[in-house]
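Step one of this worksheet: look at the structure below.
The values are calculated or read from the model by the stated rules, or taken from the named source; none is laboratory data. Not measured: the values here are computed from a predicted model. Cβ: placed from backbone, ideal geometry, glycine included. Neighbour counts: every protein chain shown.
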Amino acid sequence: MTEFDGLPVLRDPVAIAAFEGWNDAADASTAAVEHLEQVWKARTITSLDPEEFYDFQVNRPIVSLAEGETRSIEWPTTRFSVASPPDVERDVVLIRGIEPSMRWRTFCGEILEACHSLEVNRVVLLGALLADVPYTRPLPISGSAVSRDAAMRYNLAPTRYDGPTGIVGVLHEACSRAELDTLSFWVHVPHYANNPPCPKATLGLLHRVEEVLDLPVPMMNLAEESAEWEQRLRTAADQDAELGEYVRELEERVGDEGLQPLSGDEIAQEFERYLRRRGGSSGPTAGAW
């Protein structure tokens, strides 16, 4: 078990969390929390005991040299850090880690215990999923809240997804059961451009964080990086007639029911159709997220 003794006393804190793995298409959601850690100069305060939750043959520890000689090992885990955004009378707890390999309910319980000890009053969960969306348009963000009133207040487009879930969905339910004010935001990443990074998706999540928590977020170079990402895709679409045609089809479907996220099977089928048109036999799979 992880001990949370000696935690700091915070000012009206909120928590923002994201996890690597199945919930993190193109690394977009963990990149958002990492961005906040950097621009707000967050300091690590505690972490979960990785022995309880991770299969180290799946998420291996990393060995590195310190000062040229001393070898140190960094274990995969979930860390809590605290940031104090300038000119804001509240602190932010940033939770960034890896989707656990086991003991998910215990994992959620320890996160809730830490949030309780820090007197967190709201949790914002970030995720990223693969969807059939055009890269040329604002990437949709769906989400959920603990109540219909909250969903309406924050203008959340409800998710229509039914199927296997990840730690973000499980943690959202655990927070709701604990009667903690909880919001989840999922950015829709183009499935044909799912290699990280995806700065446009990260930027979209950060704008939602800024809006919902009423916290100014320095975006640094993300707007420029997003424009460069779009330009690379535009160049690829100009050089690949099949890709260009597919993107135009998606543009025509914007606003239709067809814009909803794809299931894993549907993404696999879409890739197969796309690759057959191209005459290819390899490419990213639904399991990448």
Can you pull out every residue in the stretch 243-253 that is surrounded by 15 or more Cβ atoms within 10 Å (Cβ to Cβ) and of a type outside the set (A, V, I, L, M, F, W, C)?
Tyr246
In this structure, does Trp22 turn out to be touching a residue at least 60 places away in the same chain (Cβ under 8 Å) and closer than 21 Å to Leu183 by Cβ?
yes
Out of the stretch 137-177, which residues are at pLDDT 90 or above and farther than 16 Å from Leu205 by Cα?
Gly166, Ile167, Gly169, Val170, Leu171, His172, Glu173, Ala174, Cys175, Ser176, Arg177
Result of the Cβ filter at 6 Å on the stretch 97-115, keeping first residues that are closer than 14 Å to Asp55 by Cβ and partners that are crowded, with 18+ Cβ neighbours inside 10 Å and of a type in the set (A, V, I, L, M), at least 6 apart or interchain, is Glu99/Ile167
Is there a residue being assigned to a loop (DSSP other than H, G, I, E, B), among the aromatic types (Phe, Trp, Tyr), surrounded by fewer than 21 Cβ atoms within 10 Å (Cβ to Cβ) and touching a Pro at 6+ places or on another chain (Cβ under 8 Å) anywhere in the stretch 155-162?
yes
In the stretch 136-176, residue farthest from Ala31 (Cα to Cα) [restricted to those that are among the hydroxyl-bearing types (Ser, Thr, Tyr) and in contact with a Phe, Trp or Tyr (Cβ under 8 Å, 6 or more places away or on another chain)]
Thr159
Among the residues in the stretch 227-240, are any closer than 28 Å to Cys108 by Cβ and surrounded by fewer than 16 Cβ atoms within 10 Å (Cβ to Cβ)?
no
In the stretch 48-84, what count of residues is obtained for those that are buried (at least 19 other Cβ atoms within 10 Å of the Cβ) and either of a type outside the set (A, V, I, L, M) or at pLDDT below 90 (or both)?
9
Checking the condition at pLDDT 95 or above and touching a Pro at 6+ places or on another chain (Cβ under 9 Å), which residue from Val88, Val120 passes?
Val120
Determine the pairs where a residue that is closer than 16 Å to His35 by Cβ, located within the stretch 219-246, has a partner that is modelled with pLDDT of 95 or more and not in a helix (DSSP H, G or I) with Cβ atoms under 7 Å apart, the partner being 6 or more residues away or on another chain.
Trp229/Cys198
Does Leu233 count as of a type in the set (A, V, I, L, M) and assigned to a helix (DSSP H, G or I)?
yes
Any residue that is of a type in the set (S, T, N, Q) and modelled with pLDDT of 95 or more - is there at least one of those in the stretch 192-201?
no
Regarding the stretch 119-139, can at least one residue be identified that is under 20 Å from Val9 (Cβ atoms), under 18 Å from the mean Cα position of the chain (by Cα) and surrounded by fewer than 21 Cβ atoms within 10 Å (Cβ to Cβ)?
yes
Just to be sure before I move on: is Val209 among the aliphatic types (A, V, I, L, M) and in a loop (DSSP other than H, G, I, E, B) in the structure I sent?
no
Could you list all residues from the stretch 173-195 that are in a helix (DSSP H, G or I) and among the acidic types (Asp, Glu)?
Glu173
Restricting to the stretch 180-207, name every residue that is of a type in the set (D, E, K, R) and surrounded by fewer than 22 Cβ atoms within 10 Å (Cβ to Cβ).
Asp181
Single residue of the stretch 222-273 satisfying the filter (aromatic (Phe, Trp, Tyr) and closer than 12 Å to Tyr192 by Cβ) that is modelled with the lowest pLDDT
Phe271
